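The block underneath contains the structure these notes are about, expressed in structure tokens.
Just so you know, all these numbers are worked out from the coordinates, no wet-lab data involved. Just so it is clear, the model here is predicted, and its values are computed rather than measured. Don't worry about glycine lacking a Cβ; one is built from the backbone with ideal geometry, like all the others, and counts go over all protein chains shown.
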Amino acid sequence: MGFHCTGYAATDKTAPLAPFTFERRDPRPQDVVIDILYCGVCHSDLHQARNDWGNSVYPVLPGHEIVGRVSAVGASAGKFKVGDMVAVGCMVDSCLACDCCTRGEEQDCRKGMTPTYNGKDRVSGETTFGGYSKAIVVREEFVLRLPDGLDPAKAGPLLCAGITTWSPLKRWNVGKGTRLAVIGLGGLGHMGVKLAHGLGATVTVITTSESKRDDAIALGADAVLISKDKDAMRAARSSFDFILDTIPVAHDLAPYISLLDMDGSLVIVGAIDMMPGFHSIALIAGRKRVSGSNIGGIRQTQDLLDFCAEKGITADCEMIAMADINHAYERMERSDVKYRFVIDMATL
Ligand code: NAP
Ligand code: ZN
């Protein structure tokens, strides 16, 4: 049972993404069926298509920054009606009963949340397929309302890049007076800059790309620090309360920890990898902290969408056709993204 759907998937870690036909389930009672209009392209999509994390189950059909319109609802689904504009992020299910889920931290569900793609459906056991496709079926608890006034073509990246940066900003009470730095001006980084600026923080972009200096300022940064410039890095020691690290590969943390002031925190949201070691005095002197953060819960994601609608914040998107996805991946690997690719699903 189910219905035919088309999308783009990778069949192994060296294969480019290619057209793929599969079945979506018919809606269960609490499900929402969504016609996908746009899907953002996250660096995680590339990591999983290439099996960088060693857990990919092929075919991998990525995409977890989904915006679309409700086309059908299950018999007991009451949150949405046909025609509503909605969004889906990185999760499509969790137990909804454990202490994490009931606190609204479904991303860290004790039984494991179900990722939107390359996950395992809790009922059927089948591999989940993501947003690089025409339609998706998701239980309503994991579907977000797209507020009026948010451009659907630019809102998708809020569902991953947005919430992944927003959640730590809220957890660490970033606001007026916070001296904050974002490392890496890509999809996550540019959302981090916009959101931190929107919250009133003083924002510095730490980048490897001198060419992104003007963009950083235009996005809301107050200053730019080129990480390859040793003198500038030395001059910036002990000058930040909070650093959001979005670098997508393993890297030495020591140069960045030294930028923290006393009691400062560096939060890793980028690399999911073995990280090189560093001397503990880097944390002991100045009581510094290194933490991590995993996307964000559903309630907090809705709060983010509402905040963005109110403040007029969306991603800076470069719209691509579905068939351009492999080229977009190549550019992403070269840090040549300004600042999020979004697939126009009408091109599929
Ligand atoms: P992206 O758009 O490719 O941006 C990453 C940026 O990091 C690049 O634009 C570049 O910025 C910088 N960078 C790249 N390689 C670097 C290197 N070798 N050394 C230093 N800086 C480097 O990627 P994204 O979509 O923002 O994703 C970033 C990472 O977050 C990915 O690994 C993704 O899997 C992960 N992620 C984690 C979560 C979570 O829940 N924690 C959620 C989503 C994504 P500059 O040119 O400015 O240097
Ligand atoms: Zn993502």
Amide H to amide H under 5 Å from Thr114: which residues, 5+ apart in sequence or cross-chain, H placed 1.01 Å off N in plane? Val92, Asp93, Ser94
On a C-alpha basis, how far is the centre of the range 1-64 from the centre of the range 269-348 in Å? Whole number, if you could? 19
If R0 is 30 Å, what FRET efficiency do you get for Ile272 and Thr6 from their C-beta distance, rounded to 0.05? 0.50
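Hey, can you rank 291-297, 96-102 by average C-beta count inside 10 Å, highest first?
The packing order, highest mean first, is 291-297, 96-102.
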Using a Gaussian network model of the chain whose springs link C-alpha atoms within less than 10 Å, name the residue from Gly119, Gly189, Gly312 with the highest mean-square fluctuation. Gly312
Normalised by the residues of the chain, what does the relative contact order come to in percent, with Cα pairs under 8 Å and at least six apart? 18
Between Thr102 and His327, 0.36 nm times their residue separation minus their Cα-Cα distance comes to what? 76.9 nm
Protection proxy ranking, peptides 140-146, 256-262, average beta carbon neighbours within 10 Å, highest first: 140-146, 256-262
How would you rank Trp166, Trp172, going from fewest to most other Cβ atoms within 10 Å of each one's own Cβ? Trp172, Trp166
q = 0.17, 0.20, 0.24 Å⁻¹, the range 262-326: log10 I(q)/I(0) [Debye, one scatterer per Cα]: -0.92, -0.98, -1.05
Förster-model FRET efficiency, 41 Å R0, Thr21 and Asn294, C-beta, rounded to 0.05: 0.80
Relative contact order for the range 1-141, counting Cα pairs under 8 Å that sit 6 or more residues apart, in percent: 28
Of 331-338, 43-50, 213-220, 111-118, ordering from highest average Cβ density within 10 Å down gives 43-50, 111-118, 213-220, 331-338
